[in-house]
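Below is one structure, written out as structure tokens; the observations come after it.
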Amino acid sequence: RAVQTPQAFKRAILIEALEKAARDNFTGTDECSLVERSGVTVTTVAGSNENIKITTPEDLVIAEAVMGKRPGGLTF
């Protein structure tokens with residue numbers, strides 16, 4: 001299964017997971033792994049191939065193309 005960001009958690013759950021990891025000197029792969037390790041069941045939701053990460057100028061070109069094909073087009 002592919003996983004996208006952002007990951008979202010209730011604040012108290014995330015803080016407890018982060019604090020537990022710090023106490024145990026545990027480094028997880030991401031926040032989700034820390035929350036799961038703390039005993040909380042994590043649920044996935046459907047994502048989208050259009051949910052891209054913009055880190056380079058080329059990524060911005062792709063994002064502009066994606067936004068341009070949506071109803072209403074690009075708005076800045």
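Give the aspartates and glutamates reachable from LYS10 as a straight Cα distance under 18 Å; neighbours fewer than 8 places away on the same chain don't count.
Partners within reach: GLU19, ASP30, GLU31, GLU36.
Measure off, as a whole percent, the carbon and sulfur share of the 1.4 Å-probe accessible area of the chain, all protein chains present. If you can, show how the numbers build up before the last one.
Details: 3520 of 6350 Å².
Roughly 55 percent, rounded to a whole number.
Taking trypsin sites (Lys or Arg not before Pro) that fall in a DSSP loop and have at most 13 other Cβ atoms within 10 Å as cut points, what is the longest piece of the chain between them?
Numbers: sites that count: ARG1, LYS10, LYS53, LYS69.
That would be 11-52.
In debye, nearest 20, what is the charge dipole magnitude of the chain about its Cα centre with +1 on Lys and Arg Cβ and -1 on Asp and Glu Cβ, if you could check? List each step's numbers first, then the result.
Details: 9 positive and 10 negative charges, 47 e Å.
Dipole magnitude for the chain comes out near 220 debye.
Show which aspartates and glutamates lie in cross-link reach of LYS53 when reach means a straight Cα distance below 14 angstrom and same-chain residues fewer than eight apart are skipped.
GLU64
Under 13 Å from the Cβ of SER33, count the other residues' Cβ atoms, weight Lys and Arg +1, Asp and Glu -1, and hand me the total. It would help to have the intermediate numbers written out before the result.
On the way: positive: LYS20, ARG37; negative: ASP24, ASP30, GLU31, GLU36.
Surrounding charge for SER33 is -2.
Probe of 1.4 angstrom, ligands and nucleic acids ignored: what's the accessible area per residue over the chain, in square angstrom? All intermediate terms of the calculation are to be shown ahead of the outcome.
Values: 6350 Å² over 76 residues.
Per residue, the chain has an accessible area of 84 Å².
The values are calculated or read from the model by the stated rules, or taken from the named source; none is laboratory data. Just so you know, these numbers come straight off a predicted model, no measurement behind them. Note: ideal-geometry Cβ built from the backbone for every residue, glycine included; neighbour counts use all protein chains shown. Quick note on the areas: whole protein, heavy atoms, side chains included, nothing else; ligands and nucleic acids left out. Shrake-Rupley method; radii C 1.70, N 1.55, O 1.52, S 1.80 Å.
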